[in-house]
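Taken together, the values in this text are just the output of simple stated rules run on the coordinates, not laboratory data. Not measured: the values here are computed from a predicted model. Counting neighbours? That spans all protein chains shown, and the Cβs are built from the backbone with ideal geometry, glycine included.
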Amino acid sequence: MTPTGFSSSITNLMAGLIILLSPLQSRAEASATKRVITLAGAEAVIAAAKEFASHSGWSGVIAVTDPSGVLVSMERMDDASVPAGVTIAPGKARTAALFRKPSGDLENAVNGQRPAAATAGDFVMMQGGLPIMQNGEIIGAIGVSADTPDHDLAIARAGAAAVH
């Protein structure tokens, strides 16, 4: 191959790479503008949930994840009634984040017309996990493990409502 032919091949290769990588660059730029809950935001969600739980006379574990289900922050309140809550609460949040819906929807599916949902993998299909929304976009999720499904859901709603 002559130097001129080599140069032409490199130019063609570079042009092809630019064309191939252009969609990746667009996705990277789009993801750079995607909102994700911050540590301060997660702590505010937990504080609101904890305040509601304390005022109601309940205690438990409250976890917040990012939209990918990765734990951002978690707190185990004094006298948390379910020791397994340190595993269950983040699992509920992860489930809500990854399915983009309340974790209780999966519980309802398993108990209703979709029992095969129980085979979905490592998810917690119980009430108490909710996506955290901001301006119509999921920025994270909250999971609560206290004492009853109704209490878990109420505490999670109070925490998620802290995001404006």
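Sparse packing (at most 14 other Cβ atoms within 10 Å of the Cβ) combined with a DSSP loop state is found for the following trypsin sites (Lys or Arg not before Pro) in the range 52-122: 100.
Taking the charge dipole of the range 39-160 about its Cα centre, with +1 at Lys and Arg Cβ atoms and -1 at Asp and Glu Cβ atoms, the residue from 57, 104, 160 reaching farthest to the positive side is 104.
Which of rounded, prolate, oblate describes the range 39-160, given a ≥ b ≥ c as roots of the alpha-carbon gyration tensor eigenvalues and a/c under 1.5 marking rounded, otherwise prolate only if a/b is larger than b/c? It comes out oblate by the Cα gyration axes.
Starting from the Cα of residue 50, draw a straight line to each of the aspartates and glutamates and keep only those under 17 Å, dropping any in the same chain fewer than 8 residues away. Cα-Cα hits under 17 Å: 75, 78, 79, 147, 150, 152.
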